[in-house]
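This report concerns only the one structure given below.
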Amino acid sequence: MSRLPQVFARAQKAGRKVLVIYLTAGDPDYETSARLIGAAIDAGADIVEVGVPWSDPSADGPAIQAAMHRALAAGGGLGRALALTRAVREAHPEAGLVLFGYANPIVVMGAEVFALKARDAGADAVLCVDYPPDEDSRLTLALARQGLDFIPLLAPTSTAPRIAAAAAAAGGFIYYVSLTGITGTALADVSEPRAQVAAIRKATADRLPVVVGFGIRTPAAAREVATFADGVVVGSAAVEVVRKAVEAKRDPVPELATFVRSLRAAV
């Protein structure tokens, strides 16, 4: 069963918000990626979104696109992402682990097989950017049969019917995308996300936690979003820490851990 409800309950008991870190599986290589995810958890990440490398990540900006291409060049893909998830789960039995990716690799593997493999790897949930649950229920049903949550994305452009459909399929939490466009753009104003999160809570009767991602690049931004969201997602900025260290021929693990600790203190 999903560990995500317990993750949010522990954070609430501690009087803080949940910190979600996105990292691309296999970037810059399998062994370093495993150490990076473990270090992020040890430094305070409550949930790690394990990004499944895919050659056409349409919702992602240059930082995550480049990370996916590095991972693919190093032999990464869905199979290696599942293996990485299993290794992390063995070392961190209480952490939240979300497989984050695109529909194509799942469709190729088959929804039922994918859900079974995701469960066996120790994932808690799946977030699939381009698999709307209101248009095709095969993935959500397959995940439910294995006790896994489906995490929907909602955006500033989401209509009331879309919010209702996403909430009906959701488990674990709802991910609100704070701005239109791709990942990596800095969030300049939180007034709209604040209002939209309140609207989502009202429309869904506050059934699930709402986390906010896209555009959160600094501890200060994370602190501000944490004033109205149940959790904060940082992706591109974390991936950039890894890239800069690798390009400078430094071990990226200590630098990522320092960055994650600063975010954890902020939320």
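The values are calculated or read from the model by the stated rules, or taken from the named source; none is laboratory data. Note that the structure is predicted; figures quoted are calculated from it, not measured. Cβ sites come from the backbone with ideal geometry, for glycine too, and all protein chains shown count toward neighbours. Please note that ligands, DNA and RNA were not included when accessible areas were found on the heavy atoms of the full protein model with its side chains. Shrake-Rupley method; radii C 1.70, N 1.55, O 1.52, S 1.80 Å.
Of all residues in region 90-104, those satisfying the criterion of being open to solvent by 20 Å² or more (accessible area, probe 1.4 Å) and either among the hydrophobic types (A, V, I, L, M, F, W, C) or under 29 Å from K17 (Cβ atoms) (or both) are E90, A91, H92, P93, E94.
Among the residues examined, P57 does not qualify as part of a loop (DSSP other than H, G, I, E, B), of a type outside the set (D, E), crowded, with 24+ Cβ neighbours inside 10 Å and touching a helix residue (DSSP H, G or I) at 6+ places or on another chain (Cβ under 7 Å).
Against the numbered list (1) surrounded by fewer than 18 Cβ atoms within 10 Å (Cβ to Cβ); (2) within 30 Å of E224 (Cβ to Cβ); (3) in contact (Cβ under 8 Å) with a residue 24 or more places away in the chain, T157 comes up short only at (3).
In the set (1) part of a helix (DSSP H, G or I); (2) open to solvent by 60 Å² or more (accessible area, probe 1.4 Å); (3) not aromatic (F, W, Y), the condition left unmet by R217 is number (1).
Is at least one residue of region 178-196 outside any helix (DSSP H, G or I) and at pLDDT 90 or above? Outline the logic, then answer.
Step one: of region 178-196, the residues outside any helix (DSSP H, G or I) are 178-190.
From the residues that got through so far, the ones that are at pLDDT 90 or above too are none.
Looking through region 178-196, none of the residues is outside any helix (DSSP H, G or I) and at pLDDT 90 or above.
Criterion first (among the small types (G, A, S), at pLDDT 95 or above and farther than 14 Å from V210 by Cβ) does A125 satisfy it? Yes; evaluated as a whole, the condition is true for this residue.
Taking residues in region 242-256 that are of a type in the set (G, A, S), and partners anywhere that are part of a helix (DSSP H, G or I), the pairs with Cβ atoms closer than 6 Å and at least 6 places apart or on different chains are A245/P252; A245/E255. Which numbered condition in (1) in a helix (DSSP H, G or I); (2) in contact with a Pro (Cβ under 6 Å, 6 or more places away or on another chain); (3) open to solvent by 10 Å² or more (accessible area, probe 1.4 Å) is the only one that M68 fails? With respect to (1) in a helix (DSSP H, G or I); (2) in contact with a Pro (Cβ under 6 Å, 6 or more places away or on another chain); (3) open to solvent by 10 Å² or more (accessible area, probe 1.4 Å), M68 is out only on (3).
In this structure, is A167 open to solvent by 10 Å² or more (accessible area, probe 1.4 Å) and of a type outside the set (S, T, Y)? First the steps, then the outcome.
Values: open to solvent by 10 Å² or more (accessible area, probe 1.4 Å): yes; of a type outside the set (S, T, Y): yes.
Here the answer is yes, as A167 does meet what is asked.
Pairs are defined by a Cβ separation below 8 Å, a sequence spacing of at least 6 or placement on different chains, a first member in region 35-47 that is within 11 Å of V253 (Cα to Cα), and a second member that is of a type in the set (K, R) and open to solvent by 10 Å² or more (accessible area, probe 1.4 Å); the pairs so defined are A43/R261; A43/R264.
From the set of residues in region 105-136 that are acidic (D, E) and under 22 Å from R3 (Cα atoms), which is surrounded by the fewest Cβ atoms within 10 Å (Cβ to Cβ)?
D120
Would you please name the residue that is modelled with the lowest pLDDT, looking only at residues in region 235-267 that are within 21 Å of F173 (Cα to Cα) and not in a helix (DSSP H, G or I)? Filtering first and then ranking leaves G235.
Looking at this structure, is V232 touching a strand residue (DSSP E or B) at 6+ places or on another chain (Cβ under 8 Å) and either assigned to a strand (DSSP E or B) or surrounded by fewer than 18 Cβ atoms within 10 Å (Cβ to Cβ) (or both)? Criteria met by V232.
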